[in-house]
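Take a look at the structure below.
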Amino acid sequence: MSKIIFIKSKIISDIDSVVEKWKTQNQSIVFTNGCFDILHRGHIEYLAQTSDFADKLIVAVNADSSVKKLNKGDGRPIQDENSRALIIAALDFVDAVVIFKDDTPYEIINSIKPNVLVKGGDYDANCIDKTDKKYIVGSDVVKSNGGKVEVIQFVEGYSTSKIEEKIKKA
């Protein structure tokens, strides 16, 4: 199989059947999500650390329509959802990528019930107030199924917004 075909095969529309297969093989699953508009060092460190929590890493990438709802700026997303998904799928430690159109990945989390749910440093794994910006969507599902919720600290100085600002100044 060519490398590009292998990478594209990691972008999955029916994630439930893949997860079911992994679970029957006693593989643990870690899940995270994000826009991943311009891949940078912070993303790489975050995703690599996330992959260490389980046997299989699933990354849910916000669809273009979902990114626009997040108010990240008029020009966002910079790259389309298929390009962003392909770039994430190209990472060796990522096992599956799914694109989601909803405002949050709750439905995916509720469906696959990962063993571990991971988010970045601006969230709080212990927050139970669903109206709080620090609340991790789907944490209730993961915890009620005996899973763990983890937070990985940001790598200071790295964000898509900062890169975008730097490009505009150049």
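Just so you know, all these numbers are worked out from the coordinates, no wet-lab data involved. Predicted model only: the values in this text are computed from it and were never measured. Positions of Cβ are generated from backbone atoms using ideal geometry, with glycine treated the same way; all protein chains shown enter the neighbour counts.
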In segment 37-75, whose amide N lies under 19 Å from the spot 7 Å out along Cα-to-Cβ of D92? List them in ranges.
40-59
With N denoting the number of residues in the chain, provide Rg(C-alpha) divided by 2.2 N^0.38 Å, to two decimal places.
1.01
Exceeding the 26 Å Cα-Cα cut-off - candidates K3/K113; K72/K101; K8/K56; K10/K101; K23/K130; K101/K143:
K3/K113; K23/K130
Count the net charge of all other residues whose Cβ sits under 15 Å from the Cβ of V67, scoring Lys and Arg as +1 and Asp and Glu as -1.
-2
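When only Cα pairs under 8 Å and 6 or more residues apart are kept, what is the percent relative contact order across the chain?
26 percent
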Charge tally for neighbours of L91 with beta carbon under 15 Å away, counting Lys, Arg as +1 and Asp, Glu as -1, is +2
Ranked by Cβ crowding within 10 angstrom, fewest neighbours first, how are D103, D92 ordered?
D92, D103
Extension reserve of the I11-Q25 stretch, reckoned as 0.36 nm per residue once the Cα distance is removed:
3.0 nm
If L91, L117, L70 are placed from fewest to most neighbouring beta carbons inside 10 Å, the sequence is L70, L91, L117
Between A48 and Q153, what FRET efficiency comes out of the Förster formula 1/(1 + (r/R0)^6) with R0 = 22 Å and r the beta carbon distance, rounded to 0.05?
0.95
Arrange the peptides 129-136, 141-148 so that the one whose residues have, on average, the most other Cβ atoms within 10 Å appears first.
141-148, 129-136
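Mind sorting R84, R76, R41 by how few other Cβ atoms lie within 10 Å of their own Cβ, fewest first?
Going from sparsest to densest Cβ surroundings: R41, R76, R84.
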